[in-house]
Amino acid sequence: MKWEGNRESENIEDRRGAGGFGGGGFGGRSIGLGTVAIALVASYFLGVNPMTVLSMLTGGSPGTSVSQPMPTQNPPASDQMTRFVSTVLADTEDTWTAIFSQQGANYAKPRLVLFSGSTPTACGTGQSAMGPFYCPGDQRIYIDLSFYRLMQQRFNVSGEFAQAYVIAHEVGHHVQHLMGISDKVHAARRNSSEAEGNALSVRLELQADCFAGVWANHANRARNILEAGDVEAALNAASAIGDDALQRKSQGHVVPDSFTHGTSAQRVRWFTQGIKSGQVTACNTFEAKQL
C-alpha cells in the first residue's frame, strides 16, 4: 500500500503510557474481571460487540453514555505505525468529506484514539483485548496497535492494506452514525427477538464493510494507494473474521442465528461490492434480498 508522504490527520489522541483504567464504571456500575472475561470470550469467539455484552451484563443499554475522567493526552508519537494509522485516517477524512459534500452535507471527522491496556470511553471502559471499536457516544475510534500483531498471529492476516481495512471499517460505523442508520438499527433491535436483532447487526456490519470498500475505491482513484496483492490481503482479513470462521475455529461448528457480523463469504462480498462500485447507494444491505 502506497501511503508514505500523504497527509496525516490531526485527529489523533495518543493515550499510550497514560496508565491503565481497568475495572472502570459502565452504565454507573463497576465491572469485575469475571465480567470482562465473559465479554471478551463472547466478542472473540462469537463476534459479539464486547461493549454490548458488558452493557447487558451490567444492566445498561448499548451506547449508554458514561461520564469518566479522560486521561492525559500525549502528542502523537512519530513512529512508523502511528504515522501509518494517521495517514489512513486522513485518507478516510478526504474521501468521506468529498462524498458528503456531493450530497450537500458536512462530514464530522471522528477522532482516533491510540491506547494500551484500557481507557475510558463514552461507551464504557475500552479494553485492548476487545480489538478496535467505534463509540458513537464520543464519535471516537479506539485501537491498541498491538491488535495488528494479533491479526497476524491468530488469523495469519498481514499487510498494510489489511490493517487499513480495519480502520476503514470502524470509520464506516462512524458514517452510519452520522447518517442516522445506527440509531435506527439499535431502536429496531430493542423491539426484536434475539435472532432478529442479530440479523440486523449482521446487516449493519456488512454495510460497514461495504463502506470500507467505498473508501478504498475513492482513495485509489484519487491517490493511487493500491499495490499488487493489497485487495487480496483485505479480503483475507474480511474472510478470517467472519462469524462462521470464528465459531468453527473456536467450537467446531457454527450457529447461524448467533451471527452478528456476517459470514466470511458475506464480508468478502460486501467489501468487494464497495470497492468495485465506489457508491454509497450500492451498500444498502438493509434492502438486499441476499447478503
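Once R0 is set to 25 Å, what does the formula 1/(1 + (r/R0)^6) return for the Cβ-Cβ distance between Gln153 and Arg111, expressed as a FRET efficiency to the nearest 0.05?
Between Gln153 and Arg111 the formula returns 0.35.
Relative to 2.2 N^0.38 Å, what does the C-alpha radius of gyration of region 107-153 come to as a ratio? Two decimals please.
Against the compact-globule rule of thumb, the ratio is 1.15.
Please work out how much length the chain gains when fully extended from Glu194 to Glu227, using 0.36 nm per residue of separation minus the C-alpha to C-alpha distance, in nm with one decimal.
So the chain would gain 7.7 nm between Glu194 and Glu227.
Please list the non-local residues whose amide H lies under 5 Å from the amide H of Gly124, H modeled 1.01 Å from N, same-chain partners needing a gap of 5 or more.
Under 5 Å from the amide H of Gly124: Val66.
The numbers here are math on the coordinates, done by the rules we state, and not lab data. Since the structure is predicted, the reported quantities are computational estimates derived from the model, not experimental observations. All Cβ positions, even for glycine, are placed from backbone atoms using ideal geometry, and neighbour counts span all protein chains on display.
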